[in-house]
Amino acid sequence: KAGVTQTPRYLIKTRGQQVTLSCSPISGHRSVSWYQQTPGQGLQFLFEYFSETQRNKGNFPGRFSGRQFSNSRSEMNVSTLELGDSALYLCASSLGHRDANTGELFFGEGSRLTVL
Amino acid sequence: GDSVTQMEGPVTLSEEAFLTINCTYTATGYPSLFWYVQYPGEGLQLLLKATKADDKGSNKGFEATYRKETTSFHLEKGSVQVSDSAVYFCALFSGGYNKLIFGAGTRLAVHP
């Protein structure tokens with residue numbers, strides 16, 4: 001069974017540009033969550049999607065957005081990049097449930113974004 | 001709000017030594033608790049979990065017991081191996097849609 005796949009694995013952008021990251025969940029998983037990992041702030045929740053609907057959102061500015069497609073694949077976008085956006089962006093999937101979840105997540109290897 | 005506090009690392013041990021990584025939490029209600037592990041260059045993997053007080057999670061020789069009275073979920077292993085070198089994250093889930101609250105992580109380095 002294939003795991004969570006994130007692309008690209010590494011990318012370099014300059015300030016002011018935008019970036020789109022992609023995540024393919026484990027087959028059959030309908031919930032996709034995104035987390036930002038930095039040395040200073042640690043792991044922080046960005047948002048969660050289930051059946052193409054954003055159900056939960058962390059405390060990030062509107063420059064961070066995401067979406068989910070009918071096949072459960074998800075993308076996140078960061079516009080007007082800042083130096084502080086340099087981070088490892090982790091996607092996680094779970095079976096998902098319409099009303100609740102267990103918190104048990106399966107993570108991808110991440111997309112490492114460097115902003116120059 | 002909810003939070004998780006882990007002991008600062010790095011923790012450096014010799015192979016076959018005993019490991020303890022402390023984790024305490026603050027939360028309303030009774031959250032589910034997790035330990036995740038991140039090996040170099042990889043994403044996080046679930047190591048073990050406990051969903052209610054006095055539950056003991058265990059996996060690969062690691063154990064942690066959900067202590068409600070001390071709001072703790074310390075990770076232990078009786079004999080560490082070099083392959084256990086990684087960063088360990090304690091996390092809680094208090095409901096909602098997969099919003100885990102993570103501790104800062106503790107880096108473990110095991111030397112032969």
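Readers should treat all values here as calculations from the given coordinates under stated rules, not as data from a laboratory. Keep in mind it's a predicted model, so treat the numbers as computed, not measured. Cβ placement follows ideal geometry from the backbone for every residue including glycine, while neighbour counts extend to all protein chains displayed.
Cross-link candidates for residue A:13: which aspartates and glutamates have Cα within less than 15 Å, leaving aside residues fewer than 8 places away along the same chain? Candidates past the 8-residue exclusion: A:82, A:85. Rg/Rh for segment A:1-62 stands at 0.98; both radii use Cα atoms, and Rh follows the Kirkwood definition.
Out of the chymotrypsin sites (Phe, Trp or Tyr not before Pro) in segment A:1-88, which ones are loop residues according to DSSP with at most 16 other C-beta atoms within 10 Å?
Numbers: sites: A:10, A:34, A:35, A:45, A:47, A:49, A:50, A:64, A:69; in loops: A:69.
Those that pass, being in a loop and sparsely packed, are A:69.
Shown here for segment A:68-116: trypsin sites (Lys or Arg not before Pro) in loop regions (DSSP other than H, G, I, E, B) with at most 12 other Cβ atoms within 10 Å, namely A:98.
Taking only the alpha carbons of the protein assembly as shown, we obtain Rg and Dmax values of 17.5, 50 Å in that order.
Rounded to the nearest angstrom and listed largest first, the equivalent-ellipsoid semi-axes of chain B from its Cα gyration tensor are 24, 14, 12.
With Cβ to Cβ distances under 14 Å as the rule, what net charge do the other residues near residue B:18 carry (K, R +1; D, E -1)?
Details: positive: B:77; negative: B:15, B:16, B:63, B:76, B:84.
Surrounding charge for residue B:18 is -4.
Taking trypsin sites (Lys or Arg not before Pro) in DSSP loop conformation with at most 14 other Cβ atoms inside 10 Å as exposed sites, chain B has its longest uninterrupted site-free stretch at B:1-51.
For A:76, B:7, what's the fewest-to-most ordering of other Cβ within 10 Å of each Cβ? Present the calculation step by step, with values, prior to reporting the outcome.
Working: A:76 22, B:7 17.
Going from sparsest to densest Cβ surroundings: B:7, A:76.
Ranking of A:48, B:76 by neighbouring Cβ atoms within 10 Å, starting from the fewest: B:76, A:48.
Among A:79, A:51, A:70, the largest mean-square fluctuation in a Gaussian network model of chain A (Cα springs under 10 Å) belongs to A:70. Hey, quick one: spin label on residue B:70, modelled 7 Å out along Cα-Cβ, who in segment B:11-42 has an amide N within reach, i.e. under 16 Å? So the set is B:19-26.
Evaluated at q = 0.13, 0.15, 0.21, 0.23 Å⁻¹, a Debye calculation over the C-alpha positions of chain A (equal weights, vacuum) places log10 I(q)/I(0) at -0.45, -0.59, -1.15, -1.35.
Below 19 Å, Cα to Cα, which lysines can residue B:49 reach? Residues fewer than 8 away in the same chain don't count. Within the straight-line limit of under 19 Å, residue B:49 reaches these lysines: B:60, B:68, B:77, B:99.
Calculated FRET efficiency, residue B:14 to residue B:45, Cβ-Cβ distance, R0 = 25 Å: about 0.55 to the nearest 0.05. With N counted as the residues of segment A:48-99, its alpha-carbon radius of gyration over 2.2 N^0.38 Å works out to 1.24.
Taking only Cα atoms of segment B:35-91, what ratio of Rg to Rh do you get with Rh as the Kirkwood inverse-distance radius? Could the numbers behind the result be given before it?
Numbers: Rg = 11.7 Å, Rh = 11.9 Å.
Result: Rg/Rh = 0.98.
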